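Working notes for the structure below.
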Amino acid sequence: MRNIASAGGVGAFVSTPEQTTAATSSSNQPTTAGGGGSSTDSGAVAVKPVRSETTTGVLFGIGAYGLWGLLPLYFFVLQPAGAIEIVANRIVWSLVFCALLITITRSWRTLFAAVKDRSVMGPLALAAGLIAVNWLTYTFGVTTGHAVETSLGYFINPLVSVLLGVFVLKEKLRPLQWAAVGIGFVAVGVLTFSYGQLPWIALLLAFSFGLYGFVKKKVGPKVDALTSLSVETVVLAPFAAITMVVLGATGVATLTTQGPGHFWLILASGVITAVPLLFFGASARRLPMTTIGLLQYFAPVLQFIVALTVFHEAMTSARWIGFCVVWLALVLLTIDMLRTARKNAVLRRQAKLAAA
């Protein structure tokens, strides 16, 4: 896919694998400093410093997870629209927005190639089904007074990713990972007692998004973020469009019955869906997975704060205990992640010295 947008525009967020590799390799090159500032030889291409790329990546990551964390506020202002109507509109208008971006970046050939490639289309169709389940569950939770439980789902999600590594990829867990998983099961037990039933909203969110991430990871190197999102919305759009027609015919739809403000807010769901995904893609290209793993907690923390301070959802003592147990498990996972990243960095430096 060609990147024709100017710097800082849409093209900065969407790139081919070749461009991503080039950007990554160039960002790791040292800059030449002399006197009072950096300089380059005549005719040489200026290279961004590593710190600049890292800072940009962190800002994009905060932007992505921040927008996801504040998403409940958007669903709140869309009342009285229900979860099914919101998700159906979200899919349709996301497709329209993606089509606009594809036109701007001249990426239609890339999209058509992805649709024709069975090794890409198959996994992305599965990913589309998983993200539809995730969106419906999340929107239902937020719009029915269970925003706290939806945040719990994304707190649990890293533990689900670890379990997928064990049962699907046959990975061996390190001691701290085993401890985190065990503590996670204890937390689910405590929260089940607190809610009087299994916290199915949280578990469905965690497993649907965990599986979605797993499928996307498999197909990730073959497609960029924009193409991937476009294919997923193409798969879901017919079902979403039929849903919108049925809701309109039965008088349930609110798209055109609540005034122009409500109408344009729902249409904005395409932008609100796509922008954080593009931000995330720009962040992931610039940051190591360890940093991305730490930034991912930003979204559920914001969701949790919104649920308590804006929606005023109740938190019993038992629920506080359950959440604290989950956070303990996440602390252990984070310590293990940082320790492993540090160890791998040392091994890479040793390997480079040995090669030299």
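The values are calculated or read from the model by the stated rules, or taken from the named source; none is laboratory data. Predicted, not measured: the structure shown is a model, and the values here were computed from it. Here the Cβ is made from the backbone with ideal geometry for all residues, glycine too, and neighbour counts use every protein chain on show. Side chains included, ligands, DNA and RNA excluded: accessible areas come from the protein's heavy atoms. Shrake-Rupley method; radii C 1.70, N 1.55, O 1.52, S 1.80 Å.
Observations
- All positions within region 151-188 that are within 22 Å of A83 (Cα to Cα) and surrounded by fewer than 19 Cβ atoms within 10 Å (Cβ to Cβ): none
- Qualifying positions in region 281-311 - under 21 Å from S52 (Cβ atoms) and out of contact with any Gly (no Cβ under 7 Å at 6 or more places or on another chain): G281, A282, A284, R285, P288, M289, T290, T291, L294
- Residue check, L191 crowded, with 19+ Cβ neighbours inside 10 Å and out of contact with any strand residue (DSSP E or B) (no Cβ under 9 Å at 6 or more places or on another chain): yes
- Of residues in region 331-356 being within 16 Å of M289 (Cα to Cα) and of a type in the set (A, V, I, L, M), the one surrounded by the most Cβ atoms within 10 Å (Cβ to Cβ): L333
- Of the numbered criteria (1) assigned to a helix (DSSP H, G or I); (2) open to solvent by 10 Å² or more (accessible area, probe 1.4 Å), the one S230 fails is (2).
- Among residues of region 239-264, those that are open to solvent by 70 Å² or more (accessible area, probe 1.4 Å) and either in a helix (DSSP H, G or I) or without any contact (Cβ under 8 Å) to a residue 40 or more places away in the chain (or both), counted: 10
- Top-ranked residue of region 338-347 - restricted to ones that are at pLDDT 85 or above and of a type outside the set (V, I, T), ranked as nearest to the chain's Cα centre (by Cα): L338
- L173 vs. criteria out of contact with any strand residue (DSSP E or B) (no Cβ under 8 Å at 6 or more places or on another chain), at pLDDT 90 or above and among the aliphatic types (A, V, I, L, M): no
- Condition met for V223 (β-branched (V, I, T) and surrounded by fewer than 21 Cβ atoms within 10 Å (Cβ to Cβ)): no
- Among the candidates A83, A64, A88, residue that is buried (at least 20 other Cβ atoms within 10 Å of the Cβ) and over 16 Å from the mean Cα position of the chain (by Cα): A88
- Scanning region 182-202 for residues that are part of a helix (DSSP H, G or I) and closer than 13 Å to H146 by Cα yields Y195, W200, I201, A202.
- Only one entry of V148, V142 meets the criterion of being over 18 Å from V219 (Cα atoms) and open to solvent by less than 10 Å² (accessible area, probe 1.4 Å), and that entry is V148.
- Filtering region 67-80 to residues that are more than 23 Å from G129 (Cβ to Cβ) and open to solvent by 10 Å² or more (accessible area, probe 1.4 Å) leaves L67, L70, L73, Y74, F76, V77, Q79, P80.
- Any hit, region 116-131, residues being in contact (Cβ under 8 Å) with a residue 24 or more places away in the chain, over 22 Å from the mean Cα position of the chain (by Cα) and surrounded by fewer than 23 Cβ atoms within 10 Å (Cβ to Cβ): yes
- The residues of region 282-324 that are in a helix (DSSP H, G or I), open to solvent by 20 Å² or more (accessible area, probe 1.4 Å) and among the aliphatic types (A, V, I, L, M), listed by number, are A284, M289, L294, L295, V301, L302, I305, L308, A318, I321.
- Test: residue in region 195-208 that is open to solvent by 10 Å² or more (accessible area, probe 1.4 Å), over 18 Å from the mean Cα position of the chain (by Cα) and within 14 Å of A329 (Cα to Cα): no
- Near pairs, Cβ below 6 angstrom, 6+ apart or cross-chain, from region 208-235 (farther than 24 Å from L163 by Cβ and at pLDDT 85 or above) to any residue that is open to solvent by 20 Å² or more (accessible area, probe 1.4 Å) and polar (S, T, N, Q): T227/T110
- Single unsatisfied condition, V246 versus (1) out of contact with any helix residue (DSSP H, G or I) (no Cβ under 7 Å at 6 or more places or on another chain); (2) under 29 Å from R342 (Cβ atoms): (2)
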